[in-house]
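Q: Take this structure, written in structure tokens, and hold onto it; I'll ask about it next.
The values are calculated or read from the model by the stated rules, or taken from the named source; none is laboratory data. For clarity, every value in this text was computed on a predicted model and none was experimentally measured. Glycine also receives a Cβ, built like all others from the backbone with ideal geometry; neighbour counts cover every protein chain displayed. These accessible areas exclude ligands, DNA and RNA; they are computed on the full protein's heavy atoms, side chains included. Shrake-Rupley method; radii C 1.70, N 1.55, O 1.52, S 1.80 Å.
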Amino acid sequence: MKKVILSAKGLCKSFAHNGGQLHILSHIDLDLYECDFTVVMGASGSGKSTLLYALSGMDRATAGKVSYNEKDLVSVKENTLAQLRYTDFGFIFQQMHLVGNLSLMENVLVSGYLNKVRTAAEVKTRAEELFSKMNISHIKTHLPSQVSGGEQQRCAVARAVINSPKLLFADEPTGALNRKNTNEVLNLLTELNREGQSVLMVTHDIRAALRATRILYLEDGKITGELELAPYVKEEEKSRETQVNAWLSSLEW
């Protein structure tokens, strides 16, 4: 039986708009499981990114509860959330947000040092291992402006997992990449998931969604569909794409 790593109950998010309330998320109940690669899809404006931010504690929900390790992320203090972001959660975004005057390696090391769990030597060793896995060891001393978008995103993946997070949040991580770089980043995320990394990814790209073991469909702030998939195998990608497209069509995507 799968173990729940994070759970949401009655999750709502609203914003003040033109003198009223604009409801983005509406009473969402959701469990995320260890070792799953969960993908959230939906039309633009359906609330995908808002859901990711609310689940991760990067943004406060208006109502409801998000439970992680017996903590409610909706009500805990900001310093507790900040600590979780260093220790238990990792984040990858469409825009990499690398520090421009630091080398790729320094961008990753800083995140490791801030965690204060590993020694400096241990952080350096893990960073070197990740750079090798990401195939960017040869450019580790380069500044972000000196490398391609795909190389920047691979560095961002390394930064996100330097502290061995329990849950990795990815918001459109391939949205700004070309097809080649998209495949490279998706291969890395798939490999990490096979090694036991739990992933929650928001995407509008079917190619990215094919890597999921579970796809959730969000419409008007509500989960209206769910599809369970076997672990991704490249040789089965065509049949997998047919299955996912048929499911999305049934939801009028």
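Q: Go over the candidates 31, 36, 59 one by one and state the one that is closer than 26 Å to residue 225 by Cβ, of a type in the set (Asp, Glu) and in contact with a Leu (Cβ under 8 Å, 6 or more places away or on another chain).
A: Numbers: 36 fails: in contact with a Leu (Cβ under 8 Å, 6 or more places away or on another chain); 59 fails: in contact with a Leu (Cβ under 8 Å, 6 or more places away or on another chain).
Result: 31 is the single residue among 31, 36, 59 that is closer than 26 Å to residue 225 by Cβ, of a type in the set (Asp, Glu) and in contact with a Leu (Cβ under 8 Å, 6 or more places away or on another chain).
Q: Now for a separate question. Return the total of residues in segment 11-53 being touching a helix residue (DSSP H, G or I) at 6+ places or on another chain (Cβ under 9 Å), open to solvent by 30 Å² or more (accessible area, probe 1.4 Å) and under 21 Å from residue 166 (Cα atoms).
A: The qualifying residues number 1.
Q: Residue 140: more than 14 Å from the chain's Cα centre (by Cα), more than 27 Å from residue 26 (Cα to Cα) and modelled with pLDDT under 95, yes or no?
A: Working: more than 14 Å from the chain's Cα centre (by Cα): yes; more than 27 Å from residue 26 (Cα to Cα): yes; modelled with pLDDT under 95: no.
Taking the combined requirement at face value, the residue does not satisfy it.
Q: Six or more apart or on different chains, Cβ under 7 Å: which pairs go from a residue in segment 1-26 that's at pLDDT 90 or above to one that's of a type in the set (A, V, I, L, M) and part of a loop (DSSP other than H, G, I, E, B)? Could you list them?
A: 11/61; 12/61; 13/61
Q: Determine, yes or no, whether residue 172 is touching a residue at least 40 places away in the same chain (Cβ under 8 Å) and buried (at least 16 other Cβ atoms within 10 Å of the Cβ).
A: Details: touching a residue at least 40 places away in the same chain (Cβ under 8 Å): yes; buried (at least 16 other Cβ atoms within 10 Å of the Cβ): yes.
Considered against the rule, which asks whether it is touching a residue at least 40 places away in the same chain (Cβ under 8 Å) and buried (at least 16 other Cβ atoms within 10 Å of the Cβ), residue 172 comes out as yes.
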